[in-house]
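Comments concern the structure below.
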Amino acid sequence: MLKLVKNLTKKEVLMMIVSLFLIFLQVWLELKMPDYMSEITILVQTEGSKMSDIIINGTYMLLCAFGSLVSAIIVGYLVANIAATFSLRVRKKLFTKVENLGIGEVKHFEASSLITRTTNDITQVEMLIAMGFQMLIKAPITATWAITKILNKSWQWSALTALAVVILLSVIACLIVIVMPKFKIVQNLIDKINNVIRENLNGIRVVRAFNAEKYQEDKFNDVNTKLTKQQLFNQKTFAIMSPIMYLVMYFLTLAIYFIGAYLIKDASMANKIVLFGDMVVFSSYAMQVIMSFLMLAMIFMILPRASVSAKRINEVLDTSESIKDGQIKEGVAPLGTVEFKNVSFKYPDAEEYLLENISFKANKGETVAFIGSTGSGKSSLINLIPRFYDATDGEVLIDGVNVKDYEQDYLHTKLAYIPQKAVMFDGSVKYNISYGDNGKGKAPFEKVKEAIKVAQGEEFVLKMDDKYDSHIASGGTNISGGQKQRLAIARAIARNPEIYIFDDSFSALDYKTDATLRKELKKYTKNATCLIVAQRIGTIMNADKILVLDSGKCVGIGTHKELLKTCDIYKQIALSQLSKEELENA
């Protein structure tokens, strides 16, 4: 929690200091009222008292109440402002941190958990600041101040109040010990619910196609029931606190008057009025002490969960980024070369290497393709270029510079990456094509049209209601897989980079569209380097260089015709897709 407090700005610290002063003022005004009430009590009991004196003391009480109210309103406004701006800043910081984390760290936390931490967990901390700050400061000040005012009144009353305080503290301590560990379970269960919901929404077609709605409902109900039971346990446990607090408060009031009755009975006539006034004042102060602990009890209902949430937020913020920025951010000549020098790679915490001793060089204007069986490491290999992961051994060079030496923003300006699963964002066709640094989302319209044309997307974009301004749903759920791939390729073309990386980006296209697109792409990218991962021989057979991967090792490198003669694995893949005649005529 203290780590998050460091995120407060100077302005917010100043607002907290002002709030602190106003809380002190509020407490002083509230504790001043019993003194005036005592004066009124004595005046009422004393013969010859003037009504004007009673009215004056009553007016002072009203002024104290009004001053306390004004202070409470101002403090409420300031604290709400602090809480809102604090959560805004931490949420932004957490979002930025997640963006900068490596793929490995993101997978470690899981997407559902990161969503919970960015939303629900920050909300819990915000609630603690908004609701708890006032009570956390006010309660101990009120209790301490009130206790100092009643200590010299009567040792019997003081001892009775001390006993009530000990009982209340014991109850609060027991409840915290019981409930505190349970809040971590609650947050983890919220993560699981988010995960089940995301899984169900992402796989809704498969769920319906396999009549798995009941299975998914049972899966959700299982997690939901666990969360409900845990929440019920926590709330029922905390529910014990309120009746105990009120029970102690009412018994304390009764006991104060009971003891007061005996003290007044045995006192002299001159002291009876003073004792009666002291009893009224002591009763009021004792209630202030108990109410202070009621406020603390409310804090302790919020604090454990907020504390767990703060730890979860700090877990992300404190995670060291495995992908560190280099120093080079400008000035490297755009040669368009990609070179792997004895590169080996294994995933974090994995024992075996996924890629071993890979070496090749792609020069400007060349098309280099990668093919191999599923799991051979093709996608993992090209993921090392934009530094989604870093090579475990060896060097990956772009334009003769190790990718680790580049500042990531500068490195990515040299690349255009098209993933296996085409990603679409909520917005128009034009927005998706000119996404990101392609003119900061404002690439010239002519550039957008040209990119769509090269990617063979005109055929369906011009048929849409609003053409280039037509809406694309998040994830591209309102267009087909082939259309998504073509728009993703158009996005890369609009970027106009030195190096194109196609990670099996033609798989959803029919053979005719695939061939036409590659032909147009070849013309458009003749001065750029193209790296293509593909399963189809037809997609890569015209590449300048083909690397054949098998179990993470390069078992062949050369042109299509060379590999048919020298690489059995490539030949087997080719024959599984094309006949001998088609291969010979290719």
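Brief remarks on what is shown
- Members of the range 311-345 found to be acidic (Asp, Glu) and part of a loop (DSSP other than H, G, I, E, B), listed by number: Asp318, Glu321, Asp325, Glu330
- Residues within the range 361-374 that are surrounded by fewer than 18 Cβ atoms within 10 Å (Cβ to Cβ) and touching a residue at least 12 places away in the same chain (Cβ under 8 Å), tallied: 6
- Residue match in the range 202-218 (condition: aromatic (Phe, Trp, Tyr), closer than 30 Å to Ile302 by Cα and in a helix (DSSP H, G or I)): no
- Listed by position, the strands (runs of 3 or more DSSP E) contained in the range 346-463 that have at least 2 residues being within 18 Å of Ala534 (Cβ to Cβ) and of a type in the set (A, V, I, L, M, F, W, C) are 355-362, 367-372, 415-418.
- Evaluation of Lys522 against (1) assigned to a helix (DSSP H, G or I); (2) within 33 Å of the chain's Cα centre (by Cα); (3) surrounded by fewer than 23 Cβ atoms within 10 Å (Cβ to Cβ) (one fails), failing number: (2)
- Under the condition of being under 10 Å from the mean Cα position of the chain (by Cα) and either crowded, with 19+ Cβ neighbours inside 10 Å or not hydroxyl-bearing (Ser, Thr, Tyr) (or both), the residues counted in the range 65-100 number 8.
- Residue satisfying condition, being closer than 24 Å to Lys184 by Cβ and of a type in the set (Lys, Arg), within set Lys219, Lys214: Lys219
- When Leu411 is tested against (1) farther than 17 Å from Gly102 by Cβ; (2) crowded, with 21+ Cβ neighbours inside 10 Å; (3) touching a helix residue (DSSP H, G or I) at 6+ places or on another chain (Cβ under 7 Å), just one condition goes unmet, and that condition is (1).
- Condition met for Glu105 (closer than 30 Å to Asp325 by Cβ, in contact (Cβ under 8 Å) with a residue 24 or more places away in the chain, among the charged types (D, E, K, R) and assigned to a helix (DSSP H, G or I)): yes
- Test: residue in the range 32-51 that is of a type outside the set (A, V, I, L, M), in the same structural domain as Ile129 (by TED's automatic domain parsing) and modelled with pLDDT of 80 or more: no
- Per the listing Ser309, Ser373, the residue uniquely assigned by TED's automatic domain parsing to the domain that holds Leu189 and not acidic (Asp, Glu) is Ser309.
- Meets criteria (within 30 Å of Tyr353 (Cα to Cα) and surrounded by 21 or more Cβ atoms within 10 Å (Cβ to Cβ)) for Ile557: no
The values are calculated or read from the model by the stated rules, or taken from the named source; none is laboratory data. Just so it is clear, the structure is predicted and the values come from calculations on it, not from any experiment. Note that each Cβ is placed from the backbone with ideal geometry, even for glycine, and that neighbours are counted across all protein chains shown.
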